[in-house]
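The values are calculated or read from the model by the stated rules, or taken from the named source; none is laboratory data. It should be emphasised that the depicted structure is a prediction, and the values quoted were computed from it without experimental measurement. Here the Cβ is made from the backbone with ideal geometry for all residues, glycine too, and neighbour counts use every protein chain on show. For accessibility, only protein heavy atoms count, side chains too; no ligands or nucleic acids. Shrake-Rupley method; radii C 1.70, N 1.55, O 1.52, S 1.80 Å.
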Amino acid sequence: MQYIKLGNSKLRVSRICMGCMGFGDAGKGQHTWTLDEAHSRTAAYYAYDG
């Protein structure tokens, strides 16, 4: 499995699992704290391109 550095932090996460549990539709999922698509894209951008 490949791991990447998360943004400018020292955290290393797998490419597959990069915190995707927090991405989705809060109204349809189990968690009210999930990010919608626009905010998810922003988070992914900073995680990869920081």
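Yes/no matrix, rows are residues, columns are (1) loosely packed, with under 12 Cβ neighbours inside 10 Å; (2) at pLDDT below 75:
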residue	(1), (2)
M1	yes, yes
V13	no, no
M18	no, yes
A26	no, no
E37	yes, no
Residue pairs qualifying under the 7 Å Cβ cut-off, at least six apart or on distinct chains, with the first in the range 36-50 being part of a helix (DSSP H, G or I) and the second being at pLDDT 80 or above and open to solvent by less than 100 Å² (accessible area, probe 1.4 Å), are S40/F23; A43/L35; Y46/G7; A47/L6; A47/G7
